[in-house]
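Student: After the structure tokens below, expect a handful of questions from me.
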Amino acid sequence: MHLIQVDSVQRWMEDLKLMTDCECMCILQSKPISVEKEEQNELILSSQYSPCDNLQLLLKRAWIISTELTRIAQKLEKNRWQRVHSMTVRVNCHVRSMINEYNTFTRSSSEEMHQLEKLLVDKCSEFTAFTERCLQTEDEEVLKSMKSCVNETLTTVAQYFGQLIELVLTLEAQNLLRQIELSGSLYVTELAISSLLSLAQEGAHLCRIIAKEGGVVALFKICRQDCFRCLYPQTLRTLASICCVEEGMHQLEKVDGILCLADILTDTSHSEATHAEAAAVIAQITSPHLTFTQHLSSFLENMEEIVTALVKLCQEASSGEVFLLASAALANITFFDTMACEILLQLNAVKILLAACSDRCIVDTPYSRDQVITILANMSVLEQCASEIIQGNGVQLLIEMLFEKSSSGNPAEVAACERVQQKAAVTLARLSRDPEVANAAVKFSCIPRLIKLCRSPTERNNSDSVLVACLAALRRLAVMSPDGLEDSDFQQLVKPRLVDSFLLCTNMEESFV
């Protein structure tokens, strides 16, 4: 869950209410205050919360319980019985609070749900009583024999808890999808899609649940109805989240999702926001990091239309975010099928991408440049690409990318800068088989920069992949222009085997340069 990634103080502030509730429950021995039913509901959970807020509260409570169960196992391993018991009491209270809170805002509850709730509460009570007995025993042998029973009970509590959360989330997904499918109201449908997006953003497991319950089918149904056009961007954003899992991809294929996305991208009456979100779905389902894209056979049938629309979106993008989504989709497609590179050449994509890079308002981050250089690197295997690069002054851009540096120091941005440097060197190495490109590279001082990247680890952020790419590019340029290297550089970086030069450069100290 993304909750783990937030600042620790902020995390504590958010959990404070839950934790104080827990302490109150401890004092009251988990017994509710005796008031009228409606008033009790107001005490436990204010009616001002929306269903999305209620679900977030449930997920936070579940996260706390899950964390506590893990900590109990750790303390149990160290035989810290006092801590084990106090944490068990706390888990017991959190479980009861979670069940009470959920039952205040849920509209439907099944027999299976009631059974699981009872099993979990009973097992938590048994667990608490068990650990209390352990506190009263000082005999090491008896404690040792009881430890396995405690472990077994802890495992059972975790199992029941996992099953209950799975069922709750499944019921919530079903409820939201029922609202999307049956409601003709824009307002209700928008709220349901928003809640579904929040659910999907909690992680891959939630996306699997939504996909299995027919989420992809329901959302594409929205995207095929003109009366919901204003909801297309939000709907497509939700689809992009769900399609990160295999179940989502299979559902997309079954409902001809690719054809629907192609229709949206090629329909000029749609807004730029809708086109951008459709591009985001394409980027997701063609990601080279996914291992389950092979079944997207229908993508090949619509690839030319999709690529054409994405190139147009790159050319007409009004913001850096739109360009990033469109170029990311194109970059992934060039991995997905080599025919895409030939289509891009026919569409003058090289010229369009190079022109975009000169506009700092459009290509404004290392992430965008990463997408552009990925496309150029994959296109550079085609011989016709060299002349396109020369005509668009692309060699200068490639050399500029060898100087890519992170301004923030953010790890993700630093990694993006490394990818830019590596792919720029790879592209130069491939294109330098053309003498005209090689001469232009030498003319614009490419060789000194490549040598610097090889010899100075900090220039390449200690990246081995950048080093290998730079050595390969340097060797290609050295063949075309041997006069551009000093003898020491030639002897150390070009003449030896690549692996020997690599080992030499990785062992260099900064003071050596």
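The values are calculated or read from the model by the stated rules, or taken from the named source; none is laboratory data. Computed from a prediction, not measured in an experiment: that's the story for all the values here. Cβ placement follows ideal geometry from the backbone for every residue including glycine, while neighbour counts extend to all protein chains displayed. Ligands, DNA and RNA are stripped out before the accessible areas are found, and what is left, the full protein with its side chains, is counted by its heavy atoms. Shrake-Rupley method; radii C 1.70, N 1.55, O 1.52, S 1.80 Å.
Student: When a/c is below 1.5 the answer is rounded, else prolate if a/b is larger than b/c, else oblate, so apply that to the stretch 393-512 with a ≥ b ≥ c taken from the square roots of the Cα gyration tensor eigenvalues. Intermediate values should be presented prior to the final figure.
Tutor: Values: a/c = 1.95, a/b = 1.15, b/c = 1.70.
The shape class here is oblate.
Student: Let me ask something else about it. Accessible surface of Glu436 in the full protein assembly, 1.4 angstrom probe, to the nearest 10 Å²?
Tutor: 110
Student: Could you grab the relative contact order for the stretch 51-169? Cα pairs under 8 Å, six or more apart, rounded to a whole percent.
Tutor: Values: 76 pairs, mean separation 38.7, N = 119.
Worked out over the stretch 51-169, it gives 33 percent.
Student: I'd like the accessible area for Tyr160, computed on protein heavy atoms only with a 1.4 Å probe and all protein chains in place. Round to 10 Å², please.
Tutor: Solvent-accessible area, nearest 10 Å²: 50 Å².
Student: Ok, one more. For the pair Val479 and Ser445, how long in nm is the line joining their label points, each one 7 Å along Cα→Cβ?
Tutor: 2.7
Student: As an exercise, use a Förster radius of 56 Å and the Cβ-Cβ distance of Phe335 and Ser110 to find the FRET efficiency, rounded to the nearest 0.05. Please report the intermediate quantities before stating the final value.
Tutor: On the way: r = 45 Å, r/R0 = 0.80.
Computed FRET efficiency for Phe335 and Ser110: 0.80.
Student: Rounded to the nearest 10 degrees, what's the angle between the helix 257-266 long axis and the longest principal axis of the chain, both from Cα atoms, 0 to 90?
Tutor: 50
Student: Also: Taking only the alpha-carbon atoms of the stretch 51-169, what semi-axes of the equivalent ellipsoid follow from 5 times the gyration tensor eigenvalues under a square root, in whole Å, largest first?
Tutor: Details: eigenvalues 171, 37, 23 Å².
Equivalent-ellipsoid dimensions as semi-axes: 29, 14, 11 Å.
Student: Between Cys230 and Glu383, what is the label-to-label distance in nm when each label sits 7 Å out along the Cα-to-Cβ direction?
Tutor: With each label placed 7 Å out from Cα toward Cβ, I get 5.6 nm.
Student: For Phe403 and Glu342, FRET efficiency with R0 = 35 Å and r from the beta-carbon atoms, rounded to 0.05? Walk me through the numbers before you get to the answer.
Tutor: Numbers: r = 31 Å, r/R0 = 0.88.
Calculated value: 0.70.
Student: In the chain, carbon and sulfur make up what percent of the accessible area (probe 1.4 Å)? Don't skip to the answer; put the middle values down first.
Tutor: Details: 12640 of 24660 Å².
Result for the chain: 51 percent of the exposed heavy-atom area is carbon or sulfur.
Student: Between the helical axis of 81-105 and the dominant principal axis of the chain, each derived from Cα atoms, what acute angle in degrees is found, rounded to the nearest 10?
Tutor: The angle comes out at about 90 degrees.
Student: For a Förster distance of 41 Å, can you work out the FRET efficiency between the beta-carbons of Gln163 and Ser298, rounded to the nearest 0.05? Walk me through the intermediate numbers first.
Tutor: Values: r = 37 Å, r/R0 = 0.90.
With a Förster radius of 41 Å, E is 0.65.
Student: Next up: Within 10 Å, count the other beta carbons around each residue, average over each peptide in 299-305, 222-228, and list them highest first.
Tutor: On the way: 299-305: 16.4, 222-228: 14.7.
Those peptides, ordered most packed to least, come out 299-305, 222-228.
Student: If DNA, RNA and ligands are ignored and the probe is 1.4 Å, what is the ranking of Phe323, Phe490 by accessible area, most exposed first?
Tutor: On the way: Phe323 0, Phe490 80 Å².
Output order, biggest surface exposure first: Phe490, Phe323.
Student: With the Cα gyration tensor of the chain in hand, convert its eigenvalues to equivalent ellipsoid semi-axes via √(5λ) and list them largest first in whole Å. Each step should come with its number before you reach the end.
Tutor: Numbers: eigenvalues 582, 214, 62 Å².
Each semi-axis is the square root of five times an eigenvalue, giving 54, 33, 18 Å.
Student: Any idea of the accessible area per residue across the stretch 51-169, 1.4 Å probe, to the nearest Å²?
Tutor: Values: 5790 Å² over 119 residues.
I get 49 Å² per residue for the stretch 51-169.
Student: Could you please put Leu196, Leu345 in sequence from largest to smallest accessible area, using a 1.4 Å probe?
Tutor: On the way: Leu196 0, Leu345 25 Å².
I get Leu345, Leu196, largest accessible area first.
Student: Given 0.36 nm per residue, what is the gain on full extension from Glu132 to Ser271 after removing their alpha carbon distance, in nm? Spell out each step's value before the answer.
Tutor: Details: separation 139, 0.36 × 139 = 50.04 nm, distance 6.33 nm.
Difference between extended and current length: 43.7 nm.
Student: If His270, His114 are ordered by their accessible area, calculated over protein heavy atoms with a 1.4 Å probe, which sequence runs from highest to lowest? Walk me through the numbers on the way to the answer.
Tutor: On the way: His270 25, His114 85 Å².
In descending accessible area the options line up as His114, His270.
Student: Counting pairs of alpha carbon atoms under 8 Å apart in space and at least six apart in sequence, what relative contact order in percent does the stretch 202-323 give? Numbers along the way, then the final one.
Tutor: Numbers: 118 pairs, mean separation 31.9, N = 122.
26 percent.
Student: Determine how large the accessible area of Asp464 is when every protein chain is in place; take a 1.4 Å probe and give Å² rounded to the nearest 10.
Tutor: Here the residue's solvent-accessible area equals roughly 80 Å².
Student: Something else: Normalised by the residues of the chain, what does the relative contact order come to in percent, with Cα pairs under 8 Å and at least six apart?
Tutor: 7
Student: Counting only heavy atoms of protein chains, what accessible area per residue, in Å², does the stretch 393-512 have with a probe of 1.4 Å?
Tutor: Accessible area per residue: 48 Å².
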